[in-house]
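Undergrad: Below you'll find the structure I mean.
Nothing in this text is a laboratory measurement; each read-out follows from the coordinates by a stated rule. This is a predicted model, so every value here is computed, not measured. Here Cβ is always computed from backbone atoms with ideal geometry, including for glycine, and neighbour counts include all displayed protein chains.
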Amino acid sequence: MKHILLLLLSTLFFYEGNAQKRNHTFTVMAWNILHGANDITDGKAKAIQIIREINPDVILMVETYGSGKLIADSLGYNFHLIAPEGTALDDKRINLSIISRYPFGNRMDTEHPFYLGGREVIIHSQPVRFFTNWFHYLPWENEPEKLGKTVEELLVWERSGSKFEMIQKVLPFIRKYAADAEAVPMIFGGDLNTPSHLDWGEATRKQHNDLVVPWYSTKVLEDMGLLDTYRKLHPDPVTHPGITWHTKGVKDNHRIDYIFYKGSRLKAIKSEVYKAFLNEPIHLNGKEIIYPSDHGFVVTTFEMK
């Protein structure tokens, strides 16, 4: 009987151990902190407070502008600047960065680091490729449905500015890593400065002047197999609009900040959006913190096999 009990206990520990190995979780935050979080008094300290309350494992940061290393050091995280090797880590000209509780692996540099770059993060001995991005806001219209254009004309208009040009320059790079995502999963997030085609479908037709618009800037990512974590977990854009951009007193509210992923070893299990107006309070875990940015942020929890 004693041997049988020992065998049963060993089997139980074996399966529990394997389940734990198969089901690690980690949390990713994508946030445009606005001019290095320097537009309000003690903005960097406020950004640190907010990140501490969210407690993400990886942060895809936009508009870093010299503040990222200080923020990472204050939190005890590792810091990677999306810039050529040797660039000063507090260089105020640099837009993008990745902050991680886990160690870094290989660099994934692009020829256009101001709006896309990446780094491997080693999570429980497994590499995951993280990419942070910023695409230009032009062309922009607060309410594009009121331009008086057809769907086809809106799609032509969407390709008329800097955003489309930027996407074209980095598309080969994104495609390369998306094609390899079964071997090494990828997470892509940041500030796309565009509404999503998933928010302009049949469900929101009445909100958008009877228009259903397959916006190129997000559809091109979906066509490569990247999944929009927030919309995957909250499929109804009416009940869960997920707004990350809204200027106070202006009807310009859109979801323009995202976390996407690809790779069967990853599964998004929770995703939330947080938004407050610049220099007004956000409430997190019962604490009131003055908000240092004009963008909301996205937080997604992943399960990794």
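Undergrad: Order 197-203, 215-221 from most to least packed using the mean count of other Cβ atoms within 10 Å.
TA: Details: 197-203: 18.0, 215-221: 19.6.
Ranking, from highest mean packing down: 215-221, 197-203.
Undergrad: Spin-label point model (7 Å from Cα, Cβ direction): what's the D210 to V151 distance in nm?
TA: 1.4 nm
Undergrad: Among H24, H246, H80, which one shows the biggest mean-square fluctuation in a GNM of the chain, springs joining Cα atoms closer than 10 Å?
TA: Among H24, H246, H80, the largest GNM mean-square fluctuation belongs to H24.
Undergrad: State the percent of C-alpha pairs, over all pairs in region 25-105, separated by a distance greater than 17 angstrom.
TA: Numbers: 1222 of 3240 pairs.
Looking at region 25-105, the distances longer than 17 Å represent 38 percent of pairs.
Undergrad: In a Gaussian network model over the chain where Cα atoms closer than 10 Å are linked, find which of L60, L284, L192 has the largest mean-square fluctuation.
TA: Its mean-square fluctuation being the largest, the pick is L284.
Undergrad: I need the Kirkwood Rh of region 116-162: take the reciprocal of the average 1/r across all distinct C-alpha pairs and report it in angstrom. Don't skip to the answer; put the middle values down first.
TA: Values: mean 1/r = 0.0731 Å⁻¹.
Answer for region 116-162: a Kirkwood hydrodynamic radius of 13.7 Å.
Undergrad: Name the shape class, rounded, prolate or oblate, that the alpha-carbon gyration tensor gives for region 154-298, where a ≥ b ≥ c are the square roots of its eigenvalues, rounded holds for a/c under 1.5, and otherwise prolate holds if a/b is larger than b/c and oblate otherwise.
TA: In terms of gyration-tensor shape, oblate.
Undergrad: So, one more: When only C-alpha pairs under 8 Å and at least 6 residues apart count, what is the relative contact order of region 27-304, in percent?
TA: Values: 634 pairs, mean separation 55.6, N = 278.
Normalised by residue count, the contact order of region 27-304 is 20 percent.
Undergrad: Considering region 27-304, what Rg and Dmax in Å follow from its alpha-carbon atoms?
TA: Cα only, region 27-304: 17.8, 53 Å (Rg, Dmax).
Undergrad: Could you work out the local net charge near L278, counting Lys and Arg as +1, Asp and Glu as -1, over the other residues with Cβ closer than 10 Å to its Cβ? Walk me through the numbers on the way to the answer.
TA: On the way: positive: K248; negative: D39, E280, D294.
So the surrounding residues net to -2.
Undergrad: Here's another thing I want to ask about it. Once you order the gyration tensor axes a ≥ b ≥ c over the Cα atoms, which shape class does region 81-167 get: rounded for a/c under 1.5, otherwise prolate or oblate by comparing a/b with b/c? List each step's numbers first, then the result.
TA: Values: a/c = 3.22, a/b = 2.23, b/c = 1.45.
Prolate, since a/c reaches 1.5 and a/b exceeds b/c.
Undergrad: Of V238, V151, V250, which has the largest mean-square fluctuation in a 10 Å C-alpha GNM of the chain?
TA: Of V238, V151, V250, the most mobile in the Gaussian network model is V250.
Undergrad: Using a basic spin-label model with each label point 7 Å from the Cα along Cα→Cβ, how many nm lie between F114 and A183?
TA: 3.3 nm
Undergrad: If you don't mind, another one. Rounded to the nearest Å, what's the spacing between the alpha carbon centres of region 260-296 and region 172-235? Just the number, please.
TA: Using only Cα atoms to place each centre, the spacing works out to 19 Å.
Undergrad: Restricting to Cα pairs below 8 Å that are 6+ residues apart, what does the relative contact order work out to for region 221-305? Please round to a whole percent. Write out the running numbers ahead of the final one.
TA: Working: 151 pairs, mean separation 26.6, N = 85.
The value is 31 percent.
Undergrad: Any idea what angle helix 2-22 forms with the longest principal axis of the chain, computed on alpha-carbon atoms, 0 to 90 degrees, nearest 10?
TA: 20 degrees
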